[in-house]
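S.K.: Could you have a look at this structure, given as structure tokens, before my questions?
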Amino acid sequence: MKKIIFSKSKKQRCFLFAALCCFSFGFSVSAQQPGALSVIKEIDADAIPYMQQIVKINKDSTIVLSQKAANNRYALYLVGVNANTAIEAEIPSDFEIKDIAYKSNSIYFCGRKAKIQGGFIGFLASATVNDLFYNSNFVWDTINSTSSIDKLVVYDTILNKVGPEIFDTVPSIDIKIAAIGKDILDKSVFLYCNQVNNWNYSIFNSFVTTEVFDDILLSDAWIAIVGRQSAVTDRIVVRRYEQGNINNSTHGRLQTQNGYIFNQPFVVEIFDRTQIVATTVSYNNITSNYKTVMLGIDLDYFIQAPYIFMKNPWDYGNYFQQGNIRDLAFDSQDTINYRDNYIKLYILEDVLPFENSVFLFAGRYYRQGLDVFSSDVSGINYKFNGIDIRGFRNFVASGINPKTNKLSIWDGDISSLGGQCNRYNTETHGYCNVFEQDIFDSWEPTTQISIGPLRWKASKSINTPLKIKKICN
């Protein structure tokens, strides 16, 4: 899940980036170690695999999105870290939720809504945590000229300047929403609206019909959209917009020199104040196999001095089946504790034919390593799909138990070893000082195609308390 992190000096930013840029990977798996001190909780709700997301709202609570197996409806779950019950807020059947975000004590979600005459239209919705989970209320509106709103980020240009989550419980009067989705012809679009402008929205698209917007995120100053061009598969398209003024924007394509083909979606996460990491499973024309690759892009400098680091965080030999990257999370709190010299990026992925796992990329100045936390617990290969950071060296992931189909949360504490809640391996790799020289092409800006107002309409959820079962700790 995407986060806003504290700003650092330029010297710190460059050092962090260089520490990760210089890795050349060739892994060896160590002997199995004891599991991390963690717990898996099962909520008494049947769920469909790989339809879960999770977002931390404070140090004690998370909100989970899931699709119910019994009636295919989407529901949001409020889960306390030590609670014995979760609160389910089931959303009406004509809403299909694609993404969730949290800001200023409110939950925002987006997706597509079934139309009476057939087909779908994109929507945005929001509610305070109290309204949704204790009063069964939320508000929503549809977005003209769209068939779906797939991913969103929510921010406040005033409060975000102070730091992450410090004022998340303070009501905001300057909320802005940026999102990506599809128009009625299934072409990628970018949506922007803000509270100060009476929730009027603008919709933009690309002049290239084959361009796909894969992911959207916030850096310290920018909104970034990362995607691909289906007709030219060796390039990554990057678009940046100033958070306070989206008319100040820059657009470009970056081409690598390593023979990688980008025909699978990128999953993107903030890495430092201005730097992002785009991760995908890519086919390599040179080695004729699939590899998981990371591309690092500095949003402040990718035009003046474009560079990408493109190294393999892991490679289980030459695997010829395609894995799936489910989600990324960056531990900004670990980087704030800079004296520890950690750089922590959590990558939740299925690496076929292996099980679903969390790969923890931990870079230090004097050591580079990859910790692997397997979701195979007591012979059950849990299927996780979303990940977020609860606190210092503590991740949370959401998914299901495939034997019971119960909604599950994996609460992992990597600060100490012990317990029986997951398998843990360490992988090592070599080190090099090679930067790849990449090609930058200017790209046409997006074009405004539609405007309209958001007129929030009230609706009701169905709320139910559900039992939580702890599997291990």
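S.K.: Name the residue that is surrounded by the most Cβ atoms within 10 Å (Cβ to Cβ), counting only residues in region 159-206 that are among the aromatic types (Phe, Trp, Tyr) and modelled with pLDDT of 95 or more.
M.R.: Residue satisfying both the conditions and the ranking: PHE190.
S.K.: Taking strands (runs of 3 or more DSSP E) that fall entirely within region 81-130, which contain at least 2 residues that are more than 19 Å from the chain's Cα centre (by Cα)?
M.R.: Fully inside region 81-130 and qualifying: 85-90, 106-114, 120-128.
S.K.: Looking for something of a type outside the set (D, E, K, R) and in contact with an Asp or Glu (Cβ under 7 Å, 6 or more places away or on another chain) - is there at least one such residue anywhere in region 202-212?
M.R.: Looking for residues that are of a type outside the set (D, E, K, R) and in contact with an Asp or Glu (Cβ under 7 Å, 6 or more places away or on another chain), one finds at least one in region 202-212, hence yes.
S.K.: Name the single residue, out of those in region 425-473 being at pLDDT below 65 and hydroxyl-bearing (Ser, Thr, Tyr), that is farthest from ILE107 (Cα to Cα).
M.R.: The residue in question is TYR431.
The values are calculated or read from the model by the stated rules, or taken from the named source; none is laboratory data. Here the structure is a predicted model, which is why all the values come from computation and not from measurement. Note: ideal-geometry Cβ built from the backbone for every residue, glycine included; neighbour counts use all protein chains shown.
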